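The values are calculated or read from the model by the stated rules, or taken from the named source; none is laboratory data. As the structure is a computational prediction, the values presented were derived from the model and not from experiment. No Cβ is skipped: glycine too gets one built from the backbone with ideal geometry, and neighbour counts run over all protein chains shown. We work out accessible area using only protein heavy atoms, side chains counted, and drop any ligands, DNA or RNA first. Shrake-Rupley method; radii C 1.70, N 1.55, O 1.52, S 1.80 Å.
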Amino acid sequence: MSKFDQLIHAQYRLQICAILAATSEIEFKVLREKLEVSDSVLSKHLKSLEEVGYINAIKRSNMGRQRTWLSLTSLGREAYNGHLMSLRSIVGNI
């Protein structure tokens, strides 16, 4: 279903969803580096997406260090794909 999603539409959240849609999961640090943003900026956007159930954030220990892994939920994938369809319908005839 094509539905414009105001939450996803913000630049960094759209980029986050696009990156997560292309992979099963990604580590916080790697995502931060791809977006070239600070921890606090990324955390703010992730929190918004997590609050509505679009992403999962799972903490795992790796060699004594805690790491956060992120993935798009099925609801998030559906919302992202719907948003893309909506954008395509807006610019489709250009």
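Computed from Cα atoms, the angle from the helix 74-91 axis to the main principal axis of the chain rounds to 40 degrees.
Of the listed residues D39, D5, the order by accessible area with a 1.4 Å probe, largest first, is D39, D5.
For Kirkwood radius over Cα pairs in Å, the value calculated from this model appears in (1) 14.1; (2) 13.1; (3) 13.8 under label (3). Rolling a 1.4 Å probe across all protein chains gives T68 an accessible area of roughly 30 Å².
Taking Cα atoms only, the orientation of helix 11-21 departs from the longest principal axis of the chain by about 80 degrees. Shown are H83, H45, whose ranking by accessible area with a 1.4 Å probe and every protein chain present, most to least, is H45, H83. Working from Cα pairs under 8 Å separated by at least six residues, relative contact order for the chain is 41 percent. For the stretch 65-86, the residues whose amide N sits under 13 Å from a probe point set 7 Å from the Cα of E50 along the beta carbon direction are 67-72. Number of Lys pairs in the chain with C-alpha atoms less than 16 angstrom apart, excluding same-chain neighbours closer than eight positions? Close lysine pairs under the 16 Å cut-off: 4.
With the simple spin-label model, which puts each label point 7 Å out from Cα in the Cβ direction, the D39 to S24 separation comes to 2.8 nm.
Within a Cβ distance under 13 Å of V37, other residues only, what is the Lys/Arg minus Asp/Glu net charge? Numbers along the way, then the final one.
Numbers: positive: R13, K29, R32, K34, K44; negative: E33, E36, D39.
With Lys, Arg at +1 and Asp, Glu at -1, the neighbours total +2.
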